[in-house]
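Participant: Dropping the structure in here first, questions after.
Every read-out reported here was derived from the displayed coordinates using simple, explicitly stated rules and does not represent laboratory data. Since this is a predicted model, take the numbers as computed values, not measurements. Here the Cβ is made from the backbone with ideal geometry for all residues, glycine too, and neighbour counts use every protein chain on show.
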Amino acid sequence: MSLLLKRMSVRQFKAKPVADEAITAMLQSAMQAPSARNQQPWEFVVIKRREILDQLSETKGGAKPLKTAPLGILLLMREEVGVPYMRPQDMAAATQNILLEATNLGLGSVWIGVYPREETIEKVKAIITIPKHLIPFSIVAIGHPDHATKVEGLRYDENRVRVIE
Ligand SMILES: Cc1cc2nc3c(=O)[nH]c(=O)nc-3n(C[C@H](O)[C@H](O)[C@H](O)COP(=O)(O)O)c2cc1C
């Protein structure tokens, strides 16, 4: 089965830590993402500290997976680089690459959206000191899945496709 079809959101994790080599592999994959004019607007905060993960899990309803995740990767978007209107797309590509690398490594993960919700951005900034030129974009909660996950199956819908020949 393709890696893409294996990926699914995992929201409950075992306490077991994620190996440093796996963290490096996920960061490498994130930075390998395509970006407009190759501007690479990303920076990352690797969060292992339980207390910070707990605080982040309270920033919005959807952040609850961070309550059990032993690892969170916070993606930060740089403000001062090249093509401003393409930056969120670049950041989304980097976020997706982390999810895929996590799947590749047998880890579970879920994308927790931050940007562009101002309220959540501010809450994250209140927990983690972030330089002014960086905006919290997303947090990926990562860990060993708490229970076996069942892949949903193909979502392919030919009605969504139009072919121009
Ligand atoms: C931009 C974005 C923001 C998301 N935010 C959250 C979130 O805050 N909390 C959460 O549990 N899942 C979040 N997700 C995960 C989606 O809920 C999930 O991808 C979707 O339900 C499809 O399920 P799957 O990932 O298992 O294929 C987000 C996904 C995206 C792309």
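Participant: Which value in nm describes the separation of the simple spin-label points at Leu5 and Arg155, placed 7 Å from the Cα toward the beta carbon?
Facilitator: 1.6
Participant: Moving on. Among Val163, Val110, rank each residue by its count of other Cβ atoms within 10 Å, from fewest to most, as a rough exposure measure.
Facilitator: Val163, Val110
Participant: Determine by what factor the alpha-carbon radius of gyration of segment 6-165 differs from 2.2 N^0.38 Å, reporting the quotient.
Facilitator: Working: Rg = 16.2 Å, N = 160, 2.2 N^0.38 = 15.1 Å.
It is 1.07.
Participant: Roughly how large, in nm² to one decimal, is the mean projection of the convex hull of the alpha-carbon atoms in segment 104-165?
Facilitator: Seen from a random direction, the Cα hull of segment 104-165 projects 8.7 nm² on average.
Participant: For each pair in Lys48/Lys132; Lys48/Lys150; Lys16/Lys67; Lys6/Lys67, compute the distance between the two Cα atoms and list the pairs where it is over 18 Å.
Facilitator: Violating the 18 Å limit, Cα to Cα: Lys48/Lys132; Lys48/Lys150; Lys6/Lys67.
Participant: Could you put Phe44, Phe13 in order, starting from the residue whose Cβ has the fewest other Cβ atoms within 10 Å?
Facilitator: Taking fewest neighbouring Cβ atoms as first place, the list is Phe44, Phe13.
Participant: Can I ask one more? So how do Ile142, Ile23 line up by other beta-carbon neighbours within 10 Å, fewest first?
Facilitator: Final ranking by Cβ density, sparse to dense: Ile23, Ile142.
Participant: Viscosity 1.306 mPa s, temperature 10 °C: what is the translational diffusion coefficient of segment 4-46 from Stokes-Einstein with a Kirkwood Rh over Cα pairs, rounded to a whole number of µm²/s?
Facilitator: Calculated translational D: 123 µm²/s.
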